[in-house]
Amino acid sequence: LSWFFDQWVYTVKRPIYRLRWNQEAAAPSGFRVSVTVEQRQPHKVARRTTRRDVYLMPLDLTLHYADGTSETRTVWNDQRNQSFDFDTPAPVTSVGLDEENYVLKVLQ
């Protein structure tokens, strides 16, 4: 668990995230949503020798639909700029990052 303690105990700052997304129609009758999570923090993670400027963790992405429903997909974020693709049966109206606020973070 050193990867966890290095970033949450020994690093004084927190991650800064920016979320972008888009969607397109996918055959035969669904949609493909592409979500990009970018970590924008300028600082290094303490005591880490590889990927020194990246926080490693699962993140919840919530897909919101026009009918008021939503679904949460959990992804493993371990890169500075990382994309995730999801197939959905209906168009998405918005995407949220960690809406339950489990992660101490800044959203841009």
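The values are calculated or read from the model by the stated rules, or taken from the named source; none is laboratory data. Fair warning: this is a prediction, and the values are worked out from it, not measured in the lab. Ideal geometry is used to build each Cβ from the backbone, glycine not excepted, and the neighbour counts take in all protein chains shown. When the accessible area is computed, the model is the full protein with side chains, heavy atoms only, and any ligands, DNA or RNA have been set aside. Shrake-Rupley method; radii C 1.70, N 1.55, O 1.52, S 1.80 Å.
Report, to the nearest whole %, how much of the accessible area of the chain belongs to carbon and sulfur atoms, 1.4 Å probe, protein only.
For the chain, the apolar C and S fraction of the accessible surface comes to 51 percent.
Within the set of other residues whose C-beta is less than 14 Å from the C-beta of residue 91, count the net charge using Lys and Arg as +1 and Asp and Glu as -1.
-3
Sort 73, 52, 47 by accessible area with a 1.4 Å probe, largest first.
My answer, sorted largest first, is 47, 52, 73.
What fraction of the DSSP beta bridges in the chain is antiparallel, stated in percent and rounded to the nearest 5?
95 percent
Which order do you get for 94, 83 if you rank them by accessible area with a 1.4 Å probe, largest at the top?
Accessible-area ranking of 94, 83, largest first: 83, 94.
Report ³J(HN,Hα) in whole Hz for each residue of the range 30-38, in order, from the Karplus equation J = 6.51 cos²θ - 1.76 cosθ + 1.60 where θ = phi - 60°; Gly and Pro get x.
x, 9, 10, 9, 10, 10, 10, 10, 10
On full extension of the chain, what length is gained from residue 101 through residue 2, given 0.36 nm per residue of separation minus the C-alpha to C-alpha distance?
33.4 nm
At most 15 other Cβ atoms within 10 Å and a DSSP loop assignment: could you name the chymotrypsin sites (Phe, Trp or Tyr not before Pro) in the range 1-58 that fit?
Passing sites in the range 1-58 are 10.
Distance from the Cα centre of the range 56-108 to that of the range 37-54, in angstrom?
So the two Cα centres are separated by 21 Å.
Once the piece of chain linking residue 24 and residue 47 is laid out straight, how much longer is it, given 0.36 nm per residue of separation minus the C-alpha distance between them?
My answer for the length gained is 4.1 nm.
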